[in-house]
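Readers should treat all values here as calculations from the given coordinates under stated rules, not as data from a laboratory. All figures in this text were calculated on a predicted structure; none of them were measured in a lab. We place every Cβ from the backbone using ideal geometry, glycine too, and count neighbours over all the protein chains shown.
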Amino acid sequence: MPVETTVDTIRFLGTGGARFTVAKQLLATGGSWLDLGGTQILMDPGPGSLVYAIKHGCDPTKLSAIILSHKHLDHSVDVNVMIEAMTDGGWKKRGTVFAPSDAFHNGAVILPYVQAYPKSVEILTAGGAYTVGDVSFTTPVQHIHQVETYGFVFSTQAHRFAWITDTRLFDELPTYYRSDLLIINVLSLERRLPVDHLSLPEAESIIKAIKPKMAILTHFGMTMWKHKPWEAAQKVSDDTGIRVIAAKDGMLFNLAEVDAKC
């Protein structure tokens, strides 16, 4: 009998970040749809998430979880409509919503009436560990950002990958995200103080420190978009000797590629 293999994929519903890219929709901003061995997880549903999900054949009623790294609008503006879609407008209690505490309180982006729709709600904390079906993930450290923000390290039956979301670079950052596959939100081509986001040179320094088998850049602001992210990624790849690619809107990435092409 053939042996069943676990398929883990990431659909980039959008690769844009920050206010100008979002406002002009130069790049889509729908977040990312993770299909990890059949467990469906939506991460950071920014503007247009529902539309982009439907466009790419992703069914919100199949979601097991929605995760917010933080409450800024380019990551969260569609969270309420996606919770409603996941729960059939609140008629079916299903799925879990994971988010920092300030997404629910003190200027909440998840509306109070919607908070009662999912089967459960979990508050993200530094050093937290969470489970969705056969998928587990951790939030190893709180990032340096304008609001409470976390990155993620996901583990499935077949793969382990890390996602560094919005943050200012700090010395210990790479130590929390060691993994064969590293995904990094890279807003700008060059460092822009006092913006608490990563630039391309900082992303390159992180990749050099972690030495993953492969890295994917995403969440691009205007300067990255203008300078062609795929060319920027190729330069980082040439400089580090590590395969680095730039995500594209709608791109479906199979995590099996990490081992197959390394």
* For region 138-162, enumerate the residues that are under 15 Å from R178 (Cα atoms) and either without any contact (Cβ under 8 Å) to a residue 60 or more places away in the chain or touching a Leu at 6+ places or on another chain (Cβ under 8 Å) (or both). => T138, T139, P140, V141, V153, F154, S155, H159, R160, F161, A162
* To do: Return the pairs, sorted by first residue and then second, in which the second residue is among the charged types (D, E, K, R) and not in a helix (DSSP H, G or I), the first residue lies in region 222-237 and is under 16 Å from I183 (Cβ atoms), the beta carbons are less than 9 Å apart, and the residues are 6+ apart or on different chains.
  => P229/K248; W230/K248; S237/R243
* All positions within region 128-137 that are in contact (Cβ under 8 Å) with a residue 60 or more places away in the chain and either surrounded by fewer than 19 Cβ atoms within 10 Å (Cβ to Cβ) or assigned to a loop (DSSP other than H, G, I, E, B) (or both) -> G133, D134
* **Matching residues in region 84-96 - criterion: being under 19 Å from L73 (Cβ atoms) and either of a type in the set (D, E, K, R) or crowded, with 24+ Cβ neighbours inside 10 Å (or both)** => E84
* All positions within region 183-198 that are in contact with a helix residue (DSSP H, G or I) (Cβ under 6 Å, 6 or more places away or on another chain) and not small (G, A, S) -> I184, V186, L189
* Asked: Among the residues of region 249-262, which ones are acidic (D, E) and either in a helix (DSSP H, G or I) or more than 27 Å from L42 (Cα to Cα) (or both)?
  -> E257, D259
* Which one is surrounded by the most Cβ atoms within 10 Å (Cβ to Cβ), of the residues in region 100-123 that are part of a strand (DSSP E or B) and in contact with a helix residue (DSSP H, G or I) (Cβ under 8 Å, 6 or more places away or on another chain)? -> V121
* Asked: Is it true that some residue in region 150-165 is closer than 15 Å to A203 by Cα, β-branched (V, I, T) and surrounded by 15 or more Cβ atoms within 10 Å (Cβ to Cβ)?
  -> yes
* Considering only residues that are more than 24 Å from H72 (Cβ to Cβ) and touching a helix residue (DSSP H, G or I) at 6+ places or on another chain (Cβ under 8 Å), look in region 213-232 and name the one that is surrounded by the most Cβ atoms within 10 Å (Cβ to Cβ). => M214
* To do: Go through region 166-182 and give me each residue that's surrounded by 19 or more Cβ atoms within 10 Å (Cβ to Cβ) and touching a residue at least 40 places away in the same chain (Cβ under 8 Å).
  => D166, L181
